[in-house]
1. Which ones in segment 223-237 are of a type in the set (A, V, I, L, M) and touching a residue at least 60 places away in the same chain (Cβ under 8 Å)?
2. From the list VAL212, VAL175, VAL159, exactly one residue is farther than 25 Å from MET94 by Cβ and touching a helix residue (DSSP H, G or I) at 6+ places or on another chain (Cβ under 9 Å). Which is it?
3. Can you find a residue that is surrounded by fewer than 18 Cβ atoms within 10 Å (Cβ to Cβ), over 23 Å from GLN350 (Cα atoms) and not assigned by TED's automatic domain parsing to the domain that holds GLU361 anywhere in segment 110-133?
4. Need the failing condition index for LEU238 against (1) touching a Pro at 6+ places or on another chain (Cβ under 8 Å); (2) over 20 Å from LEU321 (Cβ atoms), just the number.
5. Take segment 169-182 and flag every residue that is in a strand (DSSP E or B) and either exposed (fewer than 15 other Cβ atoms within 10 Å of the Cβ) or over 23 Å from the mean Cα position of the chain (by Cα) (or both).
6. From the list THR219, THR213, which residue is buried (at least 17 other Cβ atoms within 10 Å of the Cβ), over 22 Å from THR121 (Cβ atoms) and assigned by TED's automatic domain parsing to the domain that holds PHE327?
7. LEU439: under 13 Å from VAL295 (Cβ atoms) and either at pLDDT below 80 or part of a helix (DSSP H, G or I) (or both), yes or no?
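The values are calculated or read from the model by the stated rules, or taken from the named source; none is laboratory data. No experiment lies behind these values; they were computed from the predicted model shown. For neighbour counting, all protein chains shown are included, and Cβ atoms are generated from backbone atoms with ideal geometry for every residue, glycine included.
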Amino acid sequence: MGTRWIGKNVSGMIVVGLLLANLMIGARLYSEETNADDRDTAYDHMALFTTAIEQIRRNYVDGDKTEYRDLIYGALRGMLQSLDSHSAFLDPDMFSDMRDDTSGQFGGLGIVISMRNNILTIVAPMEDTPGSRAGLLSGDHIVEIDGESTEGWTLQQAVRKLRGAPDTDVTIKVVRPRTSEIEEHTITREIISVDSVRDVRMIGDMIGYMRVTQFNTPTAADVRAALEELEEQGMRALILDLRNNPGGLLNAAIEVAQQFVPRGELIVYTQGRDGRRGQRYTARERNARTGFPMVVLINEGSASASEIVAGALQDHRRAVLIGEKTFGKGSVQSVLPLDDGSALRLTTAQYYTPSDRVIDERGIEPDIVIPIPAEDWRRLLLQRARPENADLEQLEEEDDFEDLVDIQLERAVDVLKGILIFEAHNGERPAPRDSGDHLAVR
């Protein structure tokens with residue numbers, strides 16, 4: 001038994017020795033590329049790291065059961081977590097899970113989560129998913145998952161706990177900061193597959209409406225098809241609903257925004273370390289639709305790609321923003337794969353709107369602030385659920401929705417009607433007829 005342990009120990013020391021040697025070589029090469037007064041390098045402190053690992057292996061009570069790889073992974077995990085709430089070390093399993101996110105389908109609750117002030121926070125529940133039907137709301141803090149406190153957890157740990165096989169249950173406890181309510185929900189996981197463009201319809205005879213629930217690969221094409229459908233029905237103004245849209249792909253956001261702003265106009269840019277400007281993303285659409293007034297609806301659940309679109313349309317005075325301040329997720333994370341199948345998820349830049357506004361942790365302020373109480377949002381999310389998937393018994397017991405009014409949507413309609421009437425007086429467009437059918441959400 002002693003011989004086996006010695007062999008294992010020697011083998012582990014060889015592994016860690018090779019890893020540290022690579023780190024030292026890399027650090028030395030890096031230090032040679034920096035200025036002489038900037039040489040607080042990893043190479044200078046690598047001996048401390050090596051000594052700490054060896055002391056743990058030699059003196060920790062279960063040191064003989066502690067693998068070198070586990071120690072190094074733990075060190076990397078803490079290192080990245082200490083930088084900001086979005087940077088993280090991804091072990092091979094976590095990196096694999098992250099790549100699965102792009103497949104479009106996964107077993108889970110249908111909520112997008114983030115770390116805010118080191119607290120696990122719901123960015124937004126995706127529409128018509130178990131999370132939205134359970135009444136979870138943007139800004140809710142997840143404090144327990146299956147009876148375990150989430151204090152000190154990384155984002156990746158939470159994601160792995162929340163996901164699982166379809167038709168299995170997970171119990172979460174949330175605190176709602178607005179009201180200090182504590183709620184516990186047992187939710188059944190489902191395969192999550194959500195259409196990104198929904199509820200395309202006319203409100204009255206001239207105002208088109210569409211809801212974009214996320215930004216994925218087909219979103220821009222779906223928005224274009226929806227616009228064509230609405231134009232065929234006589235649309236002369238548009239409401240673009242980005243409420244509770246947690247974001248998605250940057251390219252999809254740019255491709256949507258450029259459908260509404262002139263070619264060549266700046267949509268968003270990134271700025272990285274030391275104030276260096278990174279990528280600038282400009283509109284390239286040859287046939288942008290710039291000839292009709294727009295309102296964009298936003299709220300606390302509008303994040304990331306949604307904030308990029310809303311900020312660009314606001315800065316170019318292309319749309320009036322109505323609702324509540326957005327979530328404030330505007331940092332760029334680069335995923336840097338490592339040789340053993342793990343990866344670093346590192347914040348490398350921030351997004352800025354065309355007028356140089358930073359998005360991260362500040363959000364986008366609406367032009368017209370119209371708050372909606374949390375309970376009304378819960379009812380709106382339940383009402384939006386498709387009948388074939390909704391818990392109809394719950395809907396019938398809790399609400400018939402006859403009195404439910406979406407006051408943000410109502411104000412958007414009023415604003416656009418005012419603009420159309422003003423333009424009609426100047427001979428630009430005929431005035432809209434008031435059908436009165438926009439007051440209740442359908």
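1. Scanning segment 223-237 gives LEU227, ALA237.
2. On the way: VAL175 fails: touching a helix residue (DSSP H, G or I) at 6+ places or on another chain (Cβ under 9 Å); VAL159 fails: farther than 25 Å from MET94 by Cβ.
Of the residues listed, the single one that is farther than 25 Å from MET94 by Cβ and touching a helix residue (DSSP H, G or I) at 6+ places or on another chain (Cβ under 9 Å) is VAL212.
3. Looking for residues that are surrounded by fewer than 18 Cβ atoms within 10 Å (Cβ to Cβ), over 23 Å from GLN350 (Cα atoms) and not assigned by TED's automatic domain parsing to the domain that holds GLU361, one finds none in segment 110-133, hence no.
4. Checking LEU238 against (1) touching a Pro at 6+ places or on another chain (Cβ under 8 Å); (2) over 20 Å from LEU321 (Cβ atoms), the one that fails is (2).
5. ASP169, THR171, GLU181, ILE182
6. On the way: THR213 fails: over 22 Å from THR121 (Cβ atoms).
Testing whether each residue is buried (at least 17 other Cβ atoms within 10 Å of the Cβ), over 22 Å from THR121 (Cβ atoms) and assigned by TED's automatic domain parsing to the domain that holds PHE327 leaves just THR219.
7. no
Okay, residues lined up against (1) surrounded by fewer than 22 Cβ atoms within 10 Å (Cβ to Cβ); (2) modelled with pLDDT of 95 or more:
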| residue | (1), (2) |
| --- | --- |
| ALA257 | no, yes |
| VAL261 | no, yes |
| GLY264 | yes, yes |
| ARG273 | yes, no |
| GLN279 | yes, no |
| ALA310 | no, yes |
| ILE322 | no, yes |
| GLY330 | no, no |
| GLN333 | yes, no |
